[in-house]
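Below: one structure, written as structure tokens.
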Amino acid sequence: MTPTGRHPGRAASRSSAHSVPLIAILALLCTVIHPASATDHVMAPGDPWPSATEVAPGDRILLTPGIHQNAGPLTLSGTSDRPIRIGSVDPSQPSTLLGDRWSLDVRGGSNLEISTLMVISGDSGAVRIRGVADAPCRNIELRNVFITPTPGVLVPVGIDADGVHDLRLLDLRVALWQRAAIELRNTSKVRVNRLTLQGDRRASAGIRLNEGVRDTRIDKSALLIIGG
């Protein structure tokens, strides 16, 4: 009787079958370790603001020193892990925003981080952030922003937020306002930290909470009254 031998062809077939999933896994790893590239949009005073179609998640809008007119309405949206950032090219020389009605107007945008700016109030106020058509703005952060009036005129409203979820106001300073330094409506999950309000006795309210405001926390903040 002839002994039964091994079958090399079958063994090779098994080895080849096991190698296919390994190749697929390596290919998948290669595709996920390369992050998407981001673009810096550098703006000089007088340059037009980029549109929503020109700015992708993860991009930065960097303002050179000087006065930048009428920022908005901005409809920009990043993603939770790749927010769009707006700030000064040189944080040690904050760029200035100045508008007719609102100097910085965000409408329907989400996942934005705005920092290292001076905002001179327009006729209606300095900063307005609002959702649109039952869709709130989400994940908005303002950090290290100084809001100040036009000389001789009080700031009507420093920051007006309506229809925002997850709003963070960090290291802000608001000087000489009239109705409110911060006014909130229909806004939830608000975190205010290290806010400094420098007002006088013409100020109606420091922080005004209206209808639909919930989950608001204020920490390490100060109200300074100027004059008698």
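Values in this text are rule-based calculations from the coordinates and carry no lab data. Note that the structure is predicted; figures quoted are calculated from it, not measured. Every residue, glycine among them, receives a Cβ derived from its backbone with ideal geometry; neighbour counts consider all protein chains shown.
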>> From Cα pairs below 8 angstrom and at least 6 apart in sequence, can you work out the relative contact order of the range 122-176, rounded to a whole percent?
In response: 50 percent
>> With the crude spin-label approximation of a point 7 Å out along Cα→Cβ, what separation in nm comes out for Asp219 versus Ser188?
In response: 2.2 nm
> Expressed in whole Å with the largest first, what are the equivalent ellipsoid semi-axes of the range 38-225 derived from the C-alpha gyration tensor as the square root of 5 times each eigenvalue?
Replying inline: 24, 20, 14
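How much net charge surrounds Pro83 when only the other residues with a Cβ under 13 Å from the Cβ of Pro83 are counted, with Lys and Arg +1 and Asp and Glu -1?
Net charge around Pro83: +1.
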> Which ordering of Thr53, Thr150 is given by a fewest-first count of other beta-carbon atoms within 10 Å?
Replying inline: Thr53, Thr150
>> Quick check: residue separation of Thr75 and Arg208 times 0.36 nm, minus the Cα distance between them. What number comes out in nm?
In response: 45.3 nm
>> Give me, ordered by chain and number, the residues 5 or more places off Arg128 or on other chains with an amide H under 5 Å from its own placed amide H.
In response: Leu104, Asp105, Val106, Asp160
> Tell me, Trp49, Trp102, Trp177 in order of fewest to most beta-carbon neighbours within 10 Å?
Replying inline: Trp49, Trp102, Trp177
